Each structure stands twice: as structure tokens, then as C-alpha cells.
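I have placed the structure first, in the form of C-alpha cells, so that the comments after it can refer back to it.
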Amino acid sequence: MARLPAASIELSDKLGRILEGLEKGTPVALHLKQRATIILLAAAGLTNLAIAQKTGWNRNTVKQWRNRWAKAALEIAEQESRKPWALNAFVTSVLQDAYRPGKSCTFTPEPVAHIIKIACDKPTDDDVPITHWTPSALAREAMKQKIVEKISPRQVGRFLKRRPISNRT
């Protein structure tokens with residue numbers, strides 16, 4: 001199966017200066033420097049393989065960023081003509097990682113609210129023979145009351161850290 005040719009990259013003088021600034025700038029994150037280098041070398045006519053060999057980066061990484069830049073080329077050109085003062089920030093945003101949402105929440109707000117409510121009560125109100133709640137005791141009590149099937153003391157601690165709690169008097 002024949003490979004498709006690499007996406008063609010053309011840069012205006014202004015874009016070239018912005019990318020060179022990112023590539024050589026000292027207060028610039030390393031991933032932005034690397035991605036700017038990939039785009040500059042691609043614009044110079046190097047193939048993905050040649051860029052990968054020259055830089056020591058994975059060829060798939062080079063291909064990914066070259067393609068991402070090519071896909072955003074129309075938006076970049078539009079930004080350059082309509083809002084040239086914001087071009088630097090836009091170029092940086094194109095070179096950033098794509099948003100990844102991460103793992104979904106395990107605990108819904110209801111169980112969290114119940115755990116916080118327990119934390120607001122005195123332990124003796126729930127017939128627990130301690131003077132103050134600890135994350136471990138709260139976790140045990142939440143499981144005992146069947147608020148949650150399983151929860152770690154560390155997770156209870158995270159809930160409490162986000163919401164300062166003081167016992168009622």
C-alpha cells in the first residue's frame with residue numbers, strides 16, 4: 001500500500017518568526033519548542049522521516065504535529081489576516097496538547113454531600129465512640145450507613161479539603 005505524501009507546510013514571514021521565537025525562546029515550554037521545530041523543518045521541505053532522524057523524535061509524533069498544523073492552516077491564515085495582534089497566542093494554542101477529559105467522576109454529588117453532612121455532625125450523634133472525625137472514621141461510617149459501597153480515607157480527605165468543615169456546637 002502506497003503512503004500518502006506528507007502534508008505541505010508553507011509559512012509566512014511572520015509565522016516563521018513566531019515559530020523561531022518559540023523554538024529558540026528560553027521561557028518557552030519544551031513541548032512547544034519541539035513542535036515549533038517540527039513545523040519549521042517541515043516548512044523547509046524535510047520529510048517526516050528526515051525530521052525524525054534529525055531531531056531523534058518519533059516519526060509518528062512528527063507526522064501528528066505536521067498534520068495538526070496543516071489541518072489548522074486555514075484558521076491560522078484567517079487569524080493572521082483578521083487579528084494579527086493575536087497570532088502569537090493562536091499559534092501557541094495550535095501547538096498545545098488536545099483537551100483530554102480524563103477519568104469520569106466515581107462519586108456523584110449526593111454521596112459527597114452525605115459524607116460532608118456526617119463530617120458536620122458530632123461523632124457521638126452517630127454512636128461513634130470518638131471525639132473528632134478523621135478521614136478513616138468518616139470512610140468507615142459512610143460505608144456502614146451504605147452511602148457508598150467503598151471509599152478510601154484519602155478520597156474522603158479530598159472531599160473535606162475542598163470544603164472546610166467545622167463541627168456544630
Taking region 10-43 as the region of interest, how many residues are surrounded by fewer than 13 Cβ atoms within 10 Å (Cβ to Cβ) and under 20 Å from Q64 (Cα atoms)? 3
In region 113-125, what residues are surrounded by 15 or more Cβ atoms within 10 Å (Cβ to Cβ) and either free of Cβ contacts under 8 Å to residues at least 24 places away in the same chain or not assigned by TED's automatic domain parsing to the domain that holds G157 (or both)? P123
Using the structure shown, decide if R140 is assigned by TED's automatic domain parsing to the domain that holds Q155 and either buried (at least 18 other Cβ atoms within 10 Å of the Cβ) or free of Cβ contacts under 8 Å to residues at least 40 places away in the same chain (or both). yes
In contact with a Lys or Arg (Cβ under 6 Å, 6 or more places away or on another chain), within 18 Å of R35 (Cα to Cα) and crowded, with 17+ Cβ neighbours inside 10 Å: does that describe L87? no
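The values are calculated or read from the model by the stated rules, or taken from the named source; none is laboratory data. The structure displayed is predicted, hence computed values, not measured ones. We place every Cβ from the backbone using ideal geometry, glycine too, and count neighbours over all the protein chains shown.
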